[in-house]
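Worksheet: one structure, shown below.
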Amino acid sequence: MHTKHALIKVNGKTLEAREGEMLAVSLLRAGYKRFRKSVKGEDRSLFCGMGVCFECLVKVNGRTVRACITPVKDGMEVEFEES
Amino acid sequence: MRRAKVEKVKTEILIAGGGIAGLAAASVLIENGKDFILVDEYPFLGGQFLRHNPLYRPMDTPTRKKGFELMERLANEKRIWKNTLIVGYYEETDEVALVRDGKPVIIKPEKILIATGAREKFLPFPGWTLPEVISAGAVQALIKTSGFLPAEDAIFAGTGPFLLAVAYEFAKAGGKVIEIAELNPLSKLMGFSSALIDLEKAREGFKYLLKLFGKTTFGWRIERVEKSGEKLKVVFEKKGRRKIRETSLLAIGYGFVPNIEFAQLCGCPVIYDASLGGWVLKTDDELRCSENIYAAGEVTGIGGARKALIEGELAALILSGKRDDSLKKKRAHEMAFAKKLNSTYSVPENLWLSIPDETIICRCEDVTMKEIKEAAENDFVSLKGIKVATRAGLGNCQGRTCFPIITEFLRAKNISPEPVSIRPPIKPIDVGVFVDLE
């Protein structure tokens, strides 16, 4: 399955993830349950899982991406607002 | 800072979408020696139906088997571009602008095959934006692609056989299915069983039944969902009666709507047909939308993977100058099945009107049902008008989630809105793509 490991930074903390796995899955595996604050300040997480709803927007190396369709790469720096 | 260099490419046929329809078409075009480029937004091929981990591939139906054969055959095909987002179509020059691996590219095709698939549809309720409420499709993707079980137990609610398929995967992966709450009453679904005189689909249905026997309830709708400690409290309602269930995860799905945005930009005619899933592309029986534009798969009507496979092959044969009457016949059979499916598993019209005021409809801009209703009462009765009045659909997803909901709400009020007009970029893109900072 995913044998290659990747070290990524999540909000400054190092996380061992699986190279090529969708970033949202790696974050959920690691126990992160919320990716974004809504306009009114509600916690939001992965919803559609297929790149449609934009609820799992996070920053990767400074660019905004949809975590559900962004594969993990070694050295990635991920940022989002934790609840 | 200057404008980034843009690569320009010519091709005979541009296939938009690398799901089962697009891949089937690519394979037939290769066999017929045709020139093409297939583009797909995702970093993987196969769309949603074939979105499996290589080690997690149930080859249990002929359609899935065929799909994975296509994936293998086309895995190293240079004319298939993954990670390529379509930005727009420009009529003046007949050019399609794309972003491939973060870089702008322009393709000038002679013909286009639209195979952009579908997305899920939802009937919202207060609490559907909670992080523990996710789409049935997302649950399936998490399990099939990553082998990740998002919770130990779950309720599946909504309508349609897809819910059963996902609940089945969830149970097989070790999750506890608390309940599958089918919105429609059993009496409405009985007529559909006659459509199952089809071995492939009957076998699949039987498989689910064995694993999930006794878990399915009928006719209950979700009234609201609240957090209750670590769990979710789901309040169901049926004819004035209420019941409460606790669960770690609530997976919802109310059917699908075609992704027609690119086709709209290309000027393809769309029609509203509830029995085909809502706004669909209008084609002739050779899948032609207009002189040089063809469509295949869910965009012509929500009908599942086998229909998509047949239409992908048929469209590619027509594009290769051939005809195949037996495929046309098979397609007609699939369309009849699709109509039965969508008419049976539809959300009852009155439920669109009884969405509580506090419910968030536009998840991007947190616009509530109350705001939508007020706008509609003040004569903002088009999607564009509601968008301007409330900001619904102005966010990142560009109305992909809320416009189908608002459309159904307006239709339930006997208003027939036009689909919103689409402008590029079809999906938000990072502006950095178009400038060269070096």
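Computed values, structure above
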item: Residue in the range B:402-409 that is within 14 Å of another protein chain (Cβ to nearest Cβ) and of a type in the set (D, E) present; result: no
item: Looking only at the range B:90-108, and only at residues there that are touching a Lys or Arg at 6+ places or on another chain (Cβ under 8 Å) and open to solvent by less than 20 Å² (accessible area, probe 1.4 Å), the one that is farthest from the other protein chains (Cβ to nearest Cβ); result: B:I107
item: Candidates B:L189, B:L232, B:L210 - the one that is touching a residue at least 12 places away in the same chain (Cβ under 8 Å) and either surrounded by fewer than 16 Cβ atoms within 10 Å (Cβ to Cβ) or assigned to a helix (DSSP H, G or I) (or both); result: B:L189
item: All positions within the range B:341-362 that are open to solvent by less than 40 Å² (accessible area, probe 1.4 Å) and assigned to a helix (DSSP H, G or I); result: B:L341, B:N342, B:T344, B:L351, B:W352
item: Residues located in the range B:363-372, provided they are in contact with an Asp or Glu (Cβ under 7 Å, 6 or more places away or on another chain), open to solvent by 10 Å² or more (accessible area, probe 1.4 Å) and more than 10 Å from every other protein chain (Cβ to nearest Cβ); result: B:K370
item: Filter result (modelled with pLDDT of 95 or more and more than 8 Å from every other protein chain (Cβ to nearest Cβ)) within the range B:141-161; result: B:L149, B:A151, B:E152, B:D153, B:A154, B:I155, B:F156, B:A157, B:G158, B:T159
item: Subset of the range B:139-155 [in contact (Cβ under 8 Å) with a residue 24 or more places away in the chain, closer than 18 Å to B:R119 by Cβ and in contact with a Leu (Cβ under 9 Å, 6 or more places away or on another chain)]; result: B:V139
item: Filtered residues of the range A:35-69 (kept if surrounded by fewer than 20 Cβ atoms within 10 Å (Cβ to Cβ), among the polar types (S, T, N, Q) and at negative phi); result: A:S38, A:T64
item: Segments classed as strands (runs of 3 or more DSSP E), wholly inside chain A, with at least 2 members that are at the interface with chain B (Cβ under 9 Å from one of its Cβ atoms) and touching a strand residue (DSSP E or B) at 6+ places or on another chain (Cβ under 9 Å); result: A:63-66
item: Odd one out for B:E246, checked against (1) open to solvent by less than 30 Å² (accessible area, probe 1.4 Å); (2) touching a Ser or Thr at 6+ places or on another chain (Cβ under 7 Å); (3) not aromatic (F, W, Y); result: (1)
item: The range B:269-295 - residue that is in a strand (DSSP E or B), over 19 Å from B:E313 (Cβ atoms) and of a type in the set (A, V, I, L, M) and, of those, least open to solvent (accessible area, probe 1.4 Å); result: B:V280
item: Residue, nearest to the chain's Cα centre (by Cα), within the range B:318-330, restricted to residues that are more than 18 Å from B:G17 (Cβ to Cβ) and open to solvent by less than 30 Å² (accessible area, probe 1.4 Å); result: B:L327
item: Some residue of the range B:44-51 being in a strand (DSSP E or B), facing chain A (nearest Cβ under 10 Å) and within 29 Å of A:S45 (Cβ to Cβ); result: no
item: Subset tally (residues that are of a type outside the set (F, W, Y) and under 19 Å from the mean Cα position of the chain (by Cα)) for the range B:331-363; result: 14
item: Residue check for B:K227: out of contact with any strand residue (DSSP E or B) (no Cβ under 6 Å at 6 or more places or on another chain) and in a strand (DSSP E or B); result: yes
item: Of all residues in the range B:123-136 being touching a helix residue (DSSP H, G or I) at 6+ places or on another chain (Cβ under 8 Å) and open to solvent by less than 10 Å² (accessible area, probe 1.4 Å), the one that is nearest to the other protein chains (Cβ to nearest Cβ); result: B:A136
item: Filtered residues of the range B:296-317 (kept if buried (at least 24 other Cβ atoms within 10 Å of the Cβ), within 16 Å of the chain's Cα centre (by Cα) and not in a loop (DSSP other than H, G, I, E, B)); result: B:E298, B:V299, B:T300, B:K307, B:A308, B:L309
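Rundown of residues vs (1) closer than 24 Å to B:T300 by Cβ; (2) at pLDDT 95 or above, yes/no style:
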site	(1), (2)
B:A4	no, no
B:V28	yes, yes
B:N32	yes, yes
B:D94	yes, no
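The values are calculated or read from the model by the stated rules, or taken from the named source; none is laboratory data. Please read all numbers here as calculations on a predicted model, not as lab measurements. As a convention, Cβ positions derive from the backbone with ideal geometry for all residues, glycine included, and neighbour counts pool all protein chains shown. We work out accessible area using only protein heavy atoms, side chains counted, and drop any ligands, DNA or RNA first. Shrake-Rupley method; radii C 1.70, N 1.55, O 1.52, S 1.80 Å.
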